[in-house]
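Taking it in order: structure first as structure tokens, then the write-up.
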Amino acid sequence: MLKVFNTITNTKEDFIPLAEKKVRMYVCGVTVYDYCHIGHARSSGVFDVIRRYLLYKGYDVTFVKNYTDIDDKIIKRSAEAEIDWRELTAKFIAEHDADMDALNILHPDLTPKATDYIKQMIEMCQNLIEKGFAYESGGDVYYRVAEFKEYGKLSHRKLEDMMAGARIEVNDNKENPYDFVLWKASKPGEPSWESPWGSGRPGWHIECSVMSEDLLGLPFDIHGGGKDLVFPHHENEIAQSEAACGCMFSKYWIHNGFVNINQEKMSKSLGNFFTIRDVLKEFDAEIVRYFLMTTHYRSALDFSQDHLLEAEQSLNRIYTMLDEINRFQAGKKGLDVSEDAKKMFDAFKEKFDAAMDDDFNTPIALAAMFEVIRETNRLLSSKPNKIGFPVLQEAVKEVFEIINNVLGIIKYTPVQWFKANLSITEEELNKKIQARAEAKREKDFEKADSIRQELKEQGVELLDTVDGTIFRAVKIRNF
RNA sequence: GGCGACGUGGCCGAGUGGUUAGGCAGCGGCCUGCAAAGCCGUGUACCCGAGUUCGAUUCUCGGCGUCGCCUCCA
């Protein structure tokens, strides 16, 4: 039974979708005014794995992730750059998609944009005004938080408590400082749409309420995003949607933890963020993706170069095993490892499923994978025979199909992985390997070792095996 | 000020009321011309104090420390 931690109840709950075998999920996407950073990578990676695991479990998943393509920052940024806001958002939507593709994030089923839903947002405002949950004031429309009795139920706080320590800006248009804007009157020159309250544009939270309802219907199963969206974004979405429809909005609320830099939250306002593309210049996307999965999704993830290097080492270990099994030649003599291989697969599957069922515990899922790696290496060194080896090969293949499908890593072949960083041509390399073999034949070990050393400095490691010398190229980094 | 999370071996990072996490790095051995890789073996780990218990890293209370939300943010 899959269990998920639900923010709204603060407990791990059995996952029972509203409609059998069907999961409808909505994840808050990005406001498209800049390049995506590692925090976006984490959130996207986390929900990608959740989605993939639900698919693996046999659910029919509808996955929606939006683009917020109108807001203050977009207006500000386009004014600074002196380009049309539509051009700015189109650019960063494309850049976002490129980053997501690089990280092997499956494309959402639906990717609505806020500005395609202006009409429905206005309708929701009108609906809320009619029901007394919203009011017009000075051309703006505000949500009346005091009217929604359950306000605070997601972030587990009470309106009175918040008022006590309020350090929120005073706004004369508002009845209550925690009232938030649904519709904002526009200033001259700003992007705007006609509305019953004059020309204006939508507030921040309403687009998600409108788009999720339109595409998934209410209620739906999972609503997700980063922890920082719990308040106010998701709290406000609940207030809007549940007041408007008089029904539940989302059954499960899933939030991923932050990415930290030196124990401190990575954020735009602190300016301590790394963009995905900057990191990808130095590290293969698979290293980044693997790194994201080494920590449980709700914990803070400390981002650093050292951790990425460590992740790379771990991947090297995985690809080394895959390389060795590909290269292995089974003979007539040796051990029949059929039973061991089957046992290995069964043990993996059991541990992997249990880990992922327990609120998507990817670190344990990875541990299950490393147990397969150790066991396979062990079986390979016991020289499996022609009967058992194909069984072992099949077991490993199936393990890595699961890893690839659910975690979205190990998508290369070992040959691709170890060649990716080759700094010299293969032809050149093969010449040197031959020269070294020659020297070895003549017992000129000094020469052989100097060739090996020379290549090592160029990032190519040579390994002597029974079937000859093979190479592994590592990326040379000058930090 | 209000609310909340966390503190695990050299580093990262799961987890549990008594029995192996896993990765990276280290050490010893096997293998190797030497290496590398791999395998085997190896580390007085659970912030401090009190309590509950036959037994607590795991539960309760208190303390210390770190971090987060309450303002734009994945």
| query | How large is the Kirkwood hydrodynamic radius of region A:303-411, in angstrom, based on all distinct alpha carbon pairs? | reply | 14.5 Å
| message | If a paramagnetic tag sat 7 Å from the Cα of A:Glu150 along the Cα-Cβ line, which residues of region A:225-269 would have the backbone N under 13 Å from that point? | response | A:235-253
| note | Rounded to the angstrom and largest first, Cα extents along the principal axes for region A:161-227 equal 38, 37, 20
| task | Any aspartates and glutamates with Cα under 12 Å of the A:Lys440 Cα? List them, leaving off those in the same chain fewer than 8 positions away. | result | A:Asp449, A:Asp464
| message | Can you tell me which lysines have their Cα less than 17 Å from the Cα of A:Lys184? Leave out same-chain residues fewer than eight positions away. | response | A:Lys73, A:Lys76, A:Lys119, A:Lys174
| message | Run through region A:70-148 and list the trypsin sites (Lys or Arg not before Pro) located in a DSSP loop whose Cβ has at most 13 other Cβ atoms within 10 Å. | response | A:Lys131
| remark: Over all Cα pairs of chain A, the Kirkwood radius sets Rh, and Rg/Rh then becomes 1.07
| note | For chain A, the longest principal axis of the Cα atoms and the Cα long axis of helix A:362-381 enclose an angle in degrees, to the nearest 10, of 10 degrees
| field | Protection proxy ranking, peptides A:27-33, A:400-406, A:352-358, A:186-192, average beta carbon neighbours within 10 Å, highest first | value | A:27-33, A:352-358, A:400-406, A:186-192
| How about A:Lys419: which lysines have a C-alpha closer than 18 Å to its C-alpha, ignoring those fewer than 8 places off in the same chain? | A:Lys281, A:Lys411, A:Lys431, A:Lys432, A:Lys456, A:Lys475
| message | I need the shape label for region A:421-473. Rule: rounded when a/c is under 1.5, else prolate if a/b > b/c, else oblate, with a, b, c from the alpha carbon gyration tensor. | response | prolate
| request: Quote the FRET efficiency, to the nearest 0.05, computed for A:Lys456 versus A:Val415 with a Förster distance R0 of 22 Å and r equal to the Cβ-Cβ distance. | output: 0.65
| field | By average C-beta atoms within 10 angstrom, highest first, the peptides A:53-61, A:460-468 | value | A:53-61, A:460-468
| field | Helical contribution to [θ] at 222 nm, DSSP H n ≥ 4, -39,500 (n - 2.57), averaged over chain A, rounded to 500 | value | -14500 deg cm²/dmol
| note | For A:285-292, A:254-261, A:206-213, ranked highest to lowest by mean beta-carbon neighbours within 10 Å, the order is A:206-213, A:285-292, A:254-261
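We did not get these values from a lab; they are worked out from the coordinates using the rules stated. Note that the coordinates shown come from a computational prediction; the quantities given were computed from them, not determined experimentally. Note that we place each Cβ from the backbone using ideal geometry, even for glycine, and neighbour counts take in every protein chain shown.
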